[in-house]
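The values are calculated or read from the model by the stated rules, or taken from the named source; none is laboratory data. From a predicted model like this one, the values you see are computed outputs, not experimental measurements. A quick note on method: Cβ atoms are made from the backbone with ideal geometry, for glycine too, and the neighbour counts reach across all protein chains shown. Heavy atoms of the whole protein, side chains included, go into the accessibility calculation; ligands, DNA and RNA do not. Shrake-Rupley method; radii C 1.70, N 1.55, O 1.52, S 1.80 Å.
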Amino acid sequence: FGESVTILSELYPSSITPNTNDNHVTGIFYVFISLLFFFRWKLNGTEISPKSGSHYSLSGGNLRINRLNKDQDAGTYQCLAYNSFGTIVSREASLTFAYLENFKTHRRSSVSVREGQGVVLLCGPPPHSGDLIFSWIFNEYPTYVKQDTRRFISQETGNLYIAKVEPSDVGNYTCVVTNSVTKTQVQGPPTPLVLRSDGVMGEYEPKIEVQFPEVVPVAKGSTVKLECFALGNPVPSINWRRVDGIPFPRKVDMRKASGVLEIPYFQQEDAGTYECVAENSRGMNTVKGKLSFYAPPHLIEKPQDVQKLIDDSLAWECKATGKPKPSFRWMKNGENLDFAERIQVANGVLSISRLTLSDTGMYQCVAGNKHGEVYSNTELRVIAVAPDFSHNQLRSQTLVKVGGDVLVECKPKMSPWGVISWQKGSEPLRESNRVSILDNGNLRIWNATKSDAGLYTCLATNQFGVANSKGSVTVKEPTIITTQPSTLDVTVGESVVLPCQVNHDPSLELKFTWFFNEQLIHFGSHGGFFEKVGGQHSAGDIMIRNIQLRHAGKYTCAVQTKVDSISIAVDLVVRGPPGPPTSIHVEEISDTTASLSWRPGPDNHSPITAYTIQARTPFSLGWQAVTTVSEVVGGNRLTATVIDLSPWVEYEFRVLASNTIGTGEPSKPSKQARTKGTSPKITPANVSGGGGSRSELVITWEPVPEELQNGPGFGYVVAFRPRGATGWMQAAVPSAEASRYVFKNESIQPFSPFHVKVGVYNNEGEGPFGPVTTIYSAEEEPGRGPTRVRAKSLSASEIEVLWKALCLSCFLLSRLRFCPVAFQLRYWSRSEREDTASVQRTVGNQTSTIIHGVKGSTTYYISVRAYNTAGTGPPSATVNVTTKKPPPSQPPVKVMWNTSNSKIILNWEKVRALENESEVTGYKVNTESPGFIRKNCPCCPLPTDEDYIIQIKPFGEGGEGSSSRQITIPRIPGQWRSIGSASKVSTLSALSTIALSFTARTSL
């Protein structure tokens, strides 16, 4: 071939396919180590020897191959790196060559089909290496076959499939093959497609021609494409689905009219059986295939470089994932490791016991399955050293109590392991049944006595040297708790001290720790209940304040020193009110009684003396105590009968238990239970009435509350009769919420007295009537309108209306059937219609009123009519009035002020009214200071230490005009200025006791 190649080892992917047009390939082996390495390469297991003139050359770790030869250079390459510490090998890299030859055949026979028949045109690609891409030319370039539901090109075989041939398909078809690596493209010979003349093909069911294998292995993270296409008439539709019914995730792509199913980033959950369904009106055909998940090995735990002593043990663990599950092998210095009695491999773990110097070297863990291998590199160094205590001295002081046990550790660094001996003082240590040197060199003393105290020396010896380390053993008196275990009995709310007194070696520091039911007590938390009160060094007493039931239990005082630890337990019993009863049941219920049962709760160490029953309804304000038989329910009873309940009401009951300490928490409520119904007993309250329209008797009352209706179907019976009559008329009102009944009869005279009473009933029967009360029938509406109606304009915005009253004393005139309650005024301007008139009503039997808010210089029409509860009477005669001109709209300007003899003199420019405004007849001067306001004040006392705010407004017969700007006259100590203006700040002398007068003037 003549090209060059440099092989890249330890790069991904492990397969290299150079273009045949390339002239070299470079391979790089990365070795991350500070020491110098040397490199060798192997091809198909045979070492390559680059020599002068050879087409192989090395540059660092790179292998460069010049003048590539497909037959000689294709194969598997592996790099070896080595130095004085050992050898490691790279993963294998495969070198292949991509090529694409020409088609051998130059002519192809024509394919004859009927119209409507399916056809397959074969491509038959030439010899090649590397992935291919297929397309087809129709007749002449550049007309390519477009894929749709009827035409499909398989990228697996290159064949062209036409599901149903049409006359437009007749022509020459040429297969075009492209090598995806070399980009080389070749064309096959054209295949003519002709129609047969013996008729049209009839309809037939789908026939799947493009299928995928029964099992398709797919690598993790790769993209898999499944092809499926069918011939048929009509053209079949192609659909995909999973046999297990799981829907496709969003990443799945179904392209080319569903002829290709593409699954990118393939994961374990994508594995399963997939089905292609081809269907038309003549039938259906399916094909299935299984996608199996596989993953090349991936290292998740790699062994690390270690340095070990002679005779030590080594355990290296190598973990990897993959599917199928990877197997493991170990290599040493580039060669598979030989196993022996002390060298074992199990599940990726390399174990070497009794290490020797010969075990030093470079090790590699290789995890592999049928889809690849991965390598990890690590170094083992086995060293030999003389004894050394520099990093692990004996403890300078070891404490032990009299009668206690102690271990003095001796852990020198030495390789190989030698001999350990001990001295006490300057003499060799004598072992006994209490003193012993352990196999690992440590010193153990049992049941220590004062005589065991002293200076101890550990001596370590091997063939490379001797070393020692010294430490003392100190024997202390033991700690003893003098407080005796006990049980304390307290009542809720009390405080109690839990004692913990000790005797101890005074040279040792004590630490007290308390536990409650084996849980550590954190002082300062727990709501502030627990407090340390031990006043002496040897006392660890604690106090529990305001003790509660939850504080009952086991308390443990643990005492600790540097040499020992002991503890003592105290049982605390807390007496309190009983716990809530349980299992509250309503056993039987009537209209006014209920029988209850329950189970007792915990008595909290004090016998239950009594029970209290409470009830709640939708109408009650919370829980209320109820009456029982007998009144007191003793603590030995677990049943009770509740009386005086309201009929037809839903009740919940709860029970509270009491003892000599108090009353406990209530039980959970019982299930709701409704009392039985009975005839009602309560009549409506506040029966009254009156009013209404002519010939009506209006009767009103307050409805009976639901909790007093005693049953369903509640209603009212209204009985009434004219005063003096003997017989009663009755009417039923079948609504519990009703509060009004109206009886209408033309024979009823206005304002006639009636005797009325209201009774009650429900589905259980009739109840009583309430007391009799007197109610008057409706009045007669006024029959005539007010007379002598007069109107006059008070200003541009106000009109006063006066009229004569209809009656002076209605209730003294027995022949008059009505009395006006008030009067109604209707007014409208000349430009408005009467039906849009404004309405103003008076209160009481007054004979005048003022209409506000009217427009100036406008004529208004006004009528007055009387009204009462029966209605409105006829209107009076209509009168009219014209309002006065509006007041001046211009405010006073150029307001000036000065002082003279304790007076403030004001001057301003005269206001001139416009043509449509009323003439100015005067001015109003309003003064204001904090705390009071005066209007039209010609002479006002100056408030002590206060400012004056003054405004001036004109007025005329149309009312008051616009105000001037506010003028502030401050009271500031000093002399009066002779003149000021609204835009200036003027000062006043101190006039706290002098009356201030105002003289108003206008400029002429």
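General remarks:
- Set of lysines near Lys42 by C-alpha distance (under 23 Å), chain-local residues within fewer than 8 positions excluded: Lys51, Lys70, Lys332, Lys370
- Sorted peptide list for 755-765, 721-731, criterion being average Cβ within 10 angstrom, highest first: 755-765, 721-731
- Annotation: extensible slack from Val402 through Asp305 equals 30.2 nm (criterion: 0.36 nm per residue apart, minus Cα-Cα distance).
- Placing a label point 7 Å from the Cα of Ala610 along the Cα-to-Cβ direction, the residues of region 564-593 whose backbone N falls under 15 Å from that point are 578.
- Separation of the alpha carbons by more than 27 angstrom is noted, of Lys207/Lys323; Lys411/Lys562; Lys308/Lys401; Lys146/Lys251; Lys884/Lys924, for Lys207/Lys323; Lys308/Lys401.
- Region 25-178: Cα Rg divided by the 2.2 N^0.38 Å rule of thumb: 1.71
- Contour minus Cα-Cα distance for Glu665 and Ser693 (0.36 nm per residue): 4.1 nm
- Surrounding net charge for Pro669, when Lys and Arg each add one and Asp and Glu each subtract one, Cβ distance under 12 Å: +2
- Placing unit charges on the Cβ atoms of the charged side chains and taking the dipole of the chain about its Cα centre, the candidate lying farthest along the positive direction among Leu697, Ser390, Asn636 is Leu697.
- Rounded to whole Å, the principal axis extents of the Cα atoms in region 432-536 read 75, 28, 23, largest first.
- Region 364-425: relative contact order in percent, alpha carbon pairs under 8 Å with at least 6 residues between: 30
- Here region 275-420 is treated as a sphere whose radius is the Kirkwood value from Cα pairs; by Stokes-Einstein at 25 °C and 0.890 mPa s it diffuses with a coefficient of 123 µm²/s.
- Highest mean first, the peptides 579-585, 361-367 sorted by other C-beta atoms within 10 Å per residue fall in the order 361-367, 579-585.
- For peptides 399-406, 823-830, sequence by mean Cβ density within 10 Å, most packed first: 823-830, 399-406
- In this structure, Glu140 and Thr46 have a Cβ-Cβ separation that, at R0 = 51 Å, corresponds to a calculated FRET efficiency of about 0.45.
- Summarising the label geometry, the points placed 7 Å from Cα in the beta-carbon direction at Ser237 and Ser197 lie 3.9 nm from one another.
- For region 209-236, there are no residues whose amide N sits under 16 Å from a probe point set 7 Å from the Cα of Arg250 along the beta carbon direction.
- Inter-site label distance for Gln890 and Ser327 at 7 Å from Cα along Cβ, in nm: 11.9
- Under-5 Å amide H pairs with Thr628, H placed in peptide plane, nonlocal only: Ile643
- Across q = 0.20 Å⁻¹, region 298-372 modelled as identical point scatterers on its alpha-carbon atoms has Debye log10 I(q)/I(0) values of -0.87, in the order of the q list.
- Along the axis of the charge dipole computed for the chain (Cβ charges of +1 for Lys and Arg, -1 for Asp and Glu, origin at the Cα centre), the listed residues Ile263, Gly713, Pro888 are led at the positive end by Pro888.
- Near Gly289: Cβ cut-off under 10 Å, other residues only, Lys/Arg at +1 and Asp/Glu at -1. The net charge is 0.
- When the Cα positions of Ala685, Ile748, Ser667 are compared along the charge dipole of the chain, Ile748 comes out farthest toward the positive end, with charges on each C-beta of Lys, Arg, Asp and Glu.
- FRET E, pair His755, Lys681, Förster distance 35 Å, beta-carbon r, rounded to 0.05: 0.95
- Share of carbon and sulfur in the accessible heavy-atom surface of the chain [1.4 Å probe, %]: 48
- Solution diffusion estimate, µm²/s, Stokes-Einstein, region 279-334, Kirkwood Rh from C-alpha pairs, 37 °C, viscosity 0.692 mPa s: 200
- Zone of Thr105's modelled label, taken as backbone nitrogen in region 155-183 under 19 Å from a point 7 Å along Cα→Cβ: 155-162, 171-178
- Where trypsin sites (Lys or Arg not before Pro) fall in DSSP loop in region 113-156, at most 11 other Cβ within 10 Å: Lys146
- If R0 equals 45 Å, the separation of the Cβ atoms of Glu832 and Asn898 corresponds to a calculated FRET efficiency of about 0.30.
- Under 22 Å from Lys554, Cα to Cα: lysines that are on another chain or at least 8 residues apart: Lys511, Lys532
- Taking label points 7 Å from Cα along the Cα-to-Cβ direction, Arg912 and Leu794 give a separation of 3.3 nm.
- Think of a 1.4 Å ball rolled over the protein heavy atoms: the chain then has 52 Å² of accessible area per residue.
- In this entry, region 198-284 is assigned a mean projected area of 6.5 nm², taken as a quarter of its C-alpha convex hull surface.
- C-alpha center-to-center spacing [region 258-315, region 870-928] in angstrom: 100
- Across region 602-658 the C-alpha pair distances fall into 5 Å bins from zero in the proportions 4, 17, 28, 21, 15, 9, 4, 1, 0 percent.
- Karplus 3J(HN,Hα) series, Hz, for region 708-717 with 6.51 cos²θ - 1.76 cosθ + 1.60 (x for Gly, Pro): 10, 7, 6, x, x, x, 6, x, 10, 10
- Sorted largest first, the principal axis extents computed over the alpha-carbon atoms of region 524-585 equal 61, 21, 18 Å.
- Mean projected area (nm²) of the alpha-carbon convex hull when region 403-484 is viewed from all directions: 6.7
- Mean Cα-pair separation over length for the chain, i.e. relative contact order, pairs under 8 Å, 6 or more apart, %: 4
- Cα gyration tensor, the chain - rounded (a/c under 1.5), prolate or oblate: prolate
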